[in-house]
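Take a look at the structure below.
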Amino acid sequence: MKSLRFRLLIAAMAVLLGSTIAKSQTTTDVPPPPPMHDHGHGFGMEGHRMGFFGKALNLTDEQKAQMKTIMQKEHPAMKPLFQQQRQIDQQLRQYVQGPYDEAKVRALATQKAQVQVELTVAQTRVHNQMYQLLTPDQQSKMKEMEANHETRMQKHMQEAPPAPPAQ
């Protein structure tokens with residue numbers, strides 16, 4: 001279980017890193033791309049987090065350009081997945097606001113799970129490609145940052161109040 005969380009954390013950080021790099025490479029003459037889904041995030045999450053990783057890892061201009069290329073290459077494959085996920089979420093809302101049909105909700109949940117599988121595979125592929133662009137020192141720094149994040153998350157989870165007993 002810990003290995004899966006670690007992989008997901010690495011994947012999230014790589015997406016963040018790629019997004020910041022991609023955003024930092026755009027010119028002011030080019031308008032930003034439209035949001036990919038309801039939350040207003042573009043491909044690969046919010047750019048301000050990526051700036052942090054780019055600075056913390058001291059990425060070269062060449063690394064930034066290569067990561068931007070990876071993001072541009074993978075964007076067309078991921079965009080329809082985000083759109084499918086959004087459409088399924090919209091369909092599920094009708095069962096929250098209207099009559100509940102468990103069979104239909106289960107069918108939509110199954111579809112959403114498959115879309116999430118494909119998104120996870122695509123995001124992990126992108127993260128791996130970006131991670132491979134890092135120098136050994138940068139990889140080490142990334143691992144250290146991830147370990148610190150995991151430690152903070154564990155501490156936070158331990159400090160959370162216990163759930164009320166089920167009645």
Checked Met45, Met50 against criteria (at pLDDT below 90, in a loop (DSSP other than H, G, I, E, B) and either over 16 Å from Tyr131 (Cα atoms) or within 14 Å of the chain's Cα centre (by Cα) (or both)); the one match is Met45
Is it true that some residue in the range 60-79 is among the polar types (S, T, N, Q), at pLDDT 95 or above and out of contact with any Ser or Thr (no Cβ under 9 Å at 6 or more places or on another chain)? no
Considering the range 96-113, residues that are surrounded by 12 or more Cβ atoms within 10 Å (Cβ to Cβ) and free of Cβ contacts under 8 Å to residues at least 12 places away in the same chain, and then whichever is nearest to Glu62 (Cα to Cα), we arrive at Ala107
Note to self: Can you confirm whether Tyr131 is over 18 Å from the mean Cα position of the chain (by Cα) and hydroxyl-bearing (Ser, Thr, Tyr)?
What the structure shows: no
Is there a residue being within 30 Å of Lys55 (Cβ to Cβ) and of a type outside the set (A, V, I, L, M, F, W, C) anywhere in the range 87-108?
no
Pro165: passes all of (1) surrounded by 11 or more Cβ atoms within 10 Å (Cβ to Cβ); (2) farther than 24 Å from Lys73 by Cα; (3) not hydrophobic (A, V, I, L, M, F, W, C) but (1)
Here the qualifying pairs (Cβ atoms under 9 Å; residues six or more apart or on different chains; first in the range 142-164 and closer than 26 Å to Met130 by Cα; second exposed (fewer than 10 other Cβ atoms within 10 Å of the Cβ) and at pLDDT below 95) come out as Glu150/Lys2
Condition check for Gln116: closer than 30 Å to Lys64 by Cβ and at pLDDT 95 or above = yes
Margin query: Yes or no: the range 123-144 includes at least one residue that is surrounded by 11 or more Cβ atoms within 10 Å (Cβ to Cβ) and over 30 Å from Glu62 (Cβ atoms).
Written below: no
Scanning the range 53-78 residue by residue, the ones that are surrounded by 15 or more Cβ atoms within 10 Å (Cβ to Cβ) and more than 16 Å from Gln132 (Cβ to Cβ) total 3
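The values are calculated or read from the model by the stated rules, or taken from the named source; none is laboratory data. Given the structure is predicted, the values throughout are model-derived calculations rather than measurements. We place every Cβ from the backbone using ideal geometry, glycine too, and count neighbours over all the protein chains shown.
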